[in-house]
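Structure first, then comments.
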Amino acid sequence: MNFQNFYVRWARFKRHFIRFTWGGAWAAMLPEGQRRNLTLFFFDGLFSAASDKIILTYLTIYLLDLGASSQQIGLLSSLSNLAAALLLLPAAMLVERTGERKKTTLWASGGSRLMLLLIALLPMIFVPTAGLIWVILGMALLRETLNNFAYPGWVALTGDIIPLEGRGRYFGTRNFIMGVSGIVAALVVGNLITAIGSPLGYELAFLAAVVLGMASMYFFSRLRDHNQENGTLRTEHSSLSQIFQSVKGQKAFLLFCAFTAFWNFSLNIAGPFFNVYMVDTLKMSAATIGVITVTNTVANLLVQRKIGALSDKWGNRTLAIITLFLIPFIPLVWGLWAKTAWQLILIEIFSGALWGAFNLVSFNILLTQTPPEKRARFSALYQIVVTLSLAGGAALGSLLFSTIAFKGVAVLSAIGRWLAGLLFLILVKEVTLPSPVVLDEPEEQLDNPLEENLN
């Protein structure tokens, strides 16, 4: 009897949990293949978030510990975005020509994980020198470039996997669980680094990030790309001129890109230097920085499901406007007020909630402003705008940092963000597109697996 009760409760829990991975009951009427994709994509996000949080939180600190300068950190940010911009369109053209959205994403992601593995192992083998630091910076540059190469295929596939009518709720749920996994990863790794010391603590942390990243790739590899299987994705080879020509008539997309350029340029004036400020000026340990990062993530995940539902109800533009005019206060308070860990924790509660809302609605806006059949090329062009503007912002910040210090670049970044928010208010309108329809033939029951903010 007890066993029967346990079995019934377990079956009920499993049923509710699987629905949770879909983002709620809204997906119950979808074909089995689509629901399975939602679950797989959920677990892909869970593991990738843990891996990414380790990298985003501790890579800069690791490089500084090895002997990299603040200027080298700024240069890395700038060159990463410039290099990515060179490969985004070729990546989109490859995806359109072959139709292999999943394979392209997996190969690029695998290369990125290999670079991280080398970043962790090389200082174990060789004594850190100025030359080795440049080699590691080069690998960090290549890692970020490969991540961006994967972007067009990832966005194109994501747009087809997640039906339009449930995107807010699904991404709200997925982002929530990504936040939880990020919290656990940052806390565990921060304490690991503090207990073991550097550089070994950092190296073990990045090895863990590689393992988590490989788990993410496993779930992503099991996604079914229905359009690719049906042979509906291959297109004739497009030249660069044809690609740019296809964008000319997309006024809403171009205006969104104009806002995006100014916004990301303003973000990255200060973006590369928040961790530098905590390490070099405030002399904080890796564990303390991990706690501050976790605070941001907790606030981020607490708003996800509510924001997802509100974006489906009110529209993405309304929520974007609210966050765009509040986010500039974050670097302003960092630069003019914050001096202790407790002050930064208070700021990061505010920051995490705002960025959680903005990242969700801005991605939804991008999906609605890119035609489904040409989403790879449009997302590549969009990401080129992002990377070039981030590179420009990082370059300007690096030039000014030695003169006006962190306070100066933080204030300048805040002013730029407010101007970008005004630009969004004027240029960007709400656009809706029909959700792609995926025809799914009946299939045998498949076992469901347990499936960069810039302040």
Neighbouring Cβ atoms within 10 Å as the yardstick, rank Arg9, Arg317 fewest first.
Arg9, Arg317
Any idea what the relative contact order of the stretch 87-213 is, in percent, if you count C-alpha pairs under 8 Å spaced at least 6 apart?
37
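I want the local charge near Trp154. Using Cβ-Cβ distances under 11 Å, sum +1 for each Lys or Arg and -1 for each Asp or Glu among the other residues. Intermediate results must be reported in sequence, preceding the final value.
Working: positive: Arg101, Lys102, Arg375; negative: Asp44.
Summing Lys/Arg as +1 and Asp/Glu as -1 gives +2.
What is the gain in length, in nm to one decimal, between Ala252 and Thr318 on full extension, counting 0.36 nm per residue of separation less the C-alpha to C-alpha distance?
Details: separation 66, 0.36 × 66 = 23.76 nm, distance 1.63 nm.
Separation in residues times 0.36 nm, less the Cα-Cα distance, equals 22.1 nm.
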Using alpha-carbon positions, what is the distance between the centroids of the stretch 247-313 and the stretch 112-135, in Å?
28
Using the beta-carbon distance between Glu373 and Gln72 and R0 = 51 Å, what value does 1/(1 + (r/R0)^6) give for FRET efficiency, to the nearest 0.05?
0.75
Label-point gap, in nm, between Ala195 and Lys14 - each point 7 angstrom along Cα→Cβ
3.4
Net charge of neighbours whose Cβ lies under 9 Å from the Cβ of Thr293, counting Lys and Arg as +1 and Asp and Glu as -1:
0
To the nearest 0.05, what FRET efficiency results for Phe325 and Ile404 with a Förster distance of 22 Å applied to their C-beta separation?
0.35
Sorted by mean Cβ packing within 10 Å, highest first, what order do the peptides 365-375, 287-297 take?
287-297, 365-375
Mind checking the full-extension length gain between Val127 and Asn5? Use 0.36 nm per residue of separation minus the Cα-Cα distance, one decimal, nm.
38.0 nm
Estimated FRET transfer efficiency when R0 is 30 angstrom, pair Trp26-Ser221 (beta carbons, to 0.05)
0.70
In nm, give the distance between the simple-model label positions of Val135 and Thr281, each being 7 Å from the Cα along the Cα-to-Cβ direction.
3.4
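FYI, it's all coordinate maths here, none of it is from the lab. Just so it is clear, the model here is predicted, and its values are computed rather than measured. Note: ideal-geometry Cβ built from the backbone for every residue, glycine included; neighbour counts use all protein chains shown.
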